[in-house]
Amino acid sequence: MIRIGLTGGIGSGKSTVSDLLAARGAVLIDADRIVREIQAPGGVAYQPIIDRFGPGVVAADGTLDRPALAAIVFADEAARKELMAITNPHVGRIMAERMAAEADTDNVVVLDIPLLAEGGKARYGVGGVVVVDCPIDTALRRLVDIRGMDEEDARRRMASQATREERVAVADFVVDNSGDLAHLTSEVERAWAWIQSLPAGGTPPD
Ligand code: ATP
């Protein structure tokens with residue numbers, strides 16, 4: 001197993017890069033998807049979140065009202081930390097279990113970790129960190145024009161994340177997503193070649 005971490009700011013193109021890497025044979029372990037699994041009714045984080053944030057974060061169908069929860073935590077740093085304290089230990093454990101299942105394979109395992117720059121790269125024991133980078137205005141335009149996100153909401157979320165410079169500082173390889181999809185595809189080809197050159201196993205977590 002070659003283990004790499006993938007990160008990037010909101011709207012930078014992480015999911016698109018993940019898909020392009022998966023098309024080349026990478027196994028994806030996606031922190032956001034795990035968060036959604038554990039926050040679903042019956043998931044380990046579901047009830048603790050309701051206990052902490054109240055019935056206002058439950059939608060009519062009994063699932064968590066993620067926009068309501070996001071509105072609370074993006075407006076209140078202490079609340080955001082509490083939510084992370086509820087979910088992060090489970091996310092870490094489940095990622096470790098999924099990695100263990102790949103340990104004896106030759107697969108490239110890509111850990112898609114949105115807050116890797118914020119948490120410190122050593123924690124995940126990856127052999128290399130790929131950062132998807134693009135100008136803030138480009139990410140904002142994609143989120144607002146393509147995804148239909150509210151501009152103020154997108155700006156608020158960006159402000160709560162590591163800066164572009166902080167994120168690039170943790171990178172071992174930067175994928176430039178300032179251009180079109182053809183340019184991004186050639187960047188992913190370059191990243192894939194670099195990933196293949198890494199030693200198997202990654203580094204032990206500290
Ligand atoms: P989030 O942080 O919200 O999960 P993300 O970093 O995973 O976002 P994507 O979902 O990959 O970002 O990209 C955001 C949007 O921009 C998507 O609709 C995607 O199709 C589009 N997009 C990404 N890269 C490009 C590009 N180079 N050219 C045009 N559109 C792009």
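Selection of the range 46-68 for residues being within 18 Å of the chain's Cα centre (by Cα) and either under 24 Å from M95 (Cβ atoms) or modelled with pLDDT of 95 or more (or both) yields only R66. So, in the range 161-186, exactly how many residues are outside any helix (DSSP H, G or I), more than 12 Å from the ligand (Cβ to nearest atom) and not acidic (D, E)? Going through the range 161-186 one residue at a time, the tally reaches 6.
Apart from one condition, T105 fits all of (1) touching a Lys or Arg at 6+ places or on another chain (Cβ under 6 Å); (2) of a type outside the set (F, W, Y); (3) in contact (Cβ under 8 Å) with a residue 40 or more places away in the chain; the exception is (1). Checking the range 90-103 against the condition returns no match, with no residue being more than 20 Å from R167 (Cβ to Cβ) and within 14 Å of the ligand (Cβ to nearest atom).
The values are calculated or read from the model by the stated rules, or taken from the named source; none is laboratory data. Quantities reported herein were computed from a predicted structural model and do not represent experimental measurements. Heads up, the Cβs are rebuilt from the backbone with ideal geometry, glycines too, and the neighbour counts pull from every protein chain shown.
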